[in-house]
Amino acid sequence: MLEPADGWLAELPEEFTGRQVRAGTIADAWVIDQPTFVKPPRDKSFPADVYTDGSRLFSALDPAAPVLLSDVVTFAAEYRLFLLDGQIATASRYAVFGRLDPRPLGTDRADGATAAQITEFADRLATAAGHTLPSAVVVDVGQLLDPYRAGHRWAVVEANMAWFSHAYAADPARVLDVVLRAAGPREHMRPRDLAFATGRPACSRVAYSP
């Protein structure tokens, strides 16, 4: 099972994140004293959300559990990219201003400019940081609103395991290509992916839907 590193987002240059992101622990999150977006890197042990201060987080959580802490920003729209060898195999919009709104990417003329911008951003990301991701992975990107100038900029939302990511409105066959690379037989694993492999058994619960 291929997984991106827990701290991957925090190690990206701000050119790609559009905000300050740092890796920490639940203990670090408990002592925040200003609104901060806090999320678990991979599981759903607590809701990813903006917490006004650390007292809002569950006290029963493991203090050593990893978390990501980032500045509070607004994404106008968010897109899920299924990447295979650094290229977009298929993609889908999944949210608009935080509300679920799936739609295939590039299916009509109005989407043309957005699809081109996403492809250009994904290409730059792959060139700069492709070696820090497994060959099959999901990267979510979004239109980050800039309060100091008109328009938006593209930024990475997060990286996810392909075998545990909802397909939304992406092409199911191409999603499956990425999932099979990310959760295929170990004997077929490519050497570059050894650093991203986990010891967990093949998962029967893949968050995949047509």
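Structure values in brief
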item: Options GLY130, GLY184, GLY142: the member that is in contact with a His (Cβ under 9 Å, 6 or more places away or on another chain) and not charged (D, E, K, R); result: GLY142
item: Positions within the range 103-147 being surrounded by 15 or more Cβ atoms within 10 Å (Cβ to Cβ), part of a loop (DSSP other than H, G, I, E, B) and modelled with pLDDT under 95, in sequence order; result: LEU105, GLY106
item: Residue satisfying all of: in the range 66-89; under 19 Å from GLN143 (Cβ atoms) and among the polar types (S, T, N, Q); most open to solvent (accessible area, probe 1.4 Å) among these; result: THR74
item: Listing of strands (runs of 3 or more DSSP E) fully contained in the range 1-51 that carry 1 or more residues being touching a strand residue (DSSP E or B) at 6+ places or on another chain (Cβ under 7 Å) and exposed (fewer than 15 other Cβ atoms within 10 Å of the Cβ); result: 49-51
item: Flag if VAL156 is closer than 22 Å to GLY18 by Cβ, without any contact (Cβ under 8 Å) to a residue 60 or more places away in the chain, under 17 Å from the mean Cα position of the chain (by Cα) and open to solvent by less than 30 Å² (accessible area, probe 1.4 Å); result: no
item: Within the range 159-179, tally of residues that are in contact (Cβ under 8 Å) with a residue 12 or more places away in the chain and open to solvent by 50 Å² or more (accessible area, probe 1.4 Å); result: 7
item: Subset of the range 53-65 (residues that are open to solvent by less than 70 Å² (accessible area, probe 1.4 Å) and over 16 Å from ALA23 (Cα atoms)); result: ASP53, LEU57, LEU61
item: The range 149-192, residues that are among the small types (Gly, Ala, Ser) and touching a strand residue (DSSP E or B) at 6+ places or on another chain (Cβ under 9 Å); result: GLY151, ALA155, ALA159, ALA162, SER165, ALA167, ALA169, ALA170, ALA173, ALA182, ALA183, GLY184
item: Filter result for the condition that a residue is touching a strand residue (DSSP E or B) at 6+ places or on another chain (Cβ under 8 Å) and closer than 27 Å to TRP163 by Cα, over LEU57, LEU83, LEU61; result: LEU83
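The values are calculated or read from the model by the stated rules, or taken from the named source; none is laboratory data. From a predicted model like this one, the values you see are computed outputs, not experimental measurements. Neighbour counts are summed over all protein chains in view; Cβ atoms, including those assigned to glycine, are modelled from backbone coordinates with ideal geometry. To get the accessible areas, we keep the full protein, side chains included, count just its heavy atoms, and leave off ligands, DNA and RNA. Shrake-Rupley method; radii C 1.70, N 1.55, O 1.52, S 1.80 Å.
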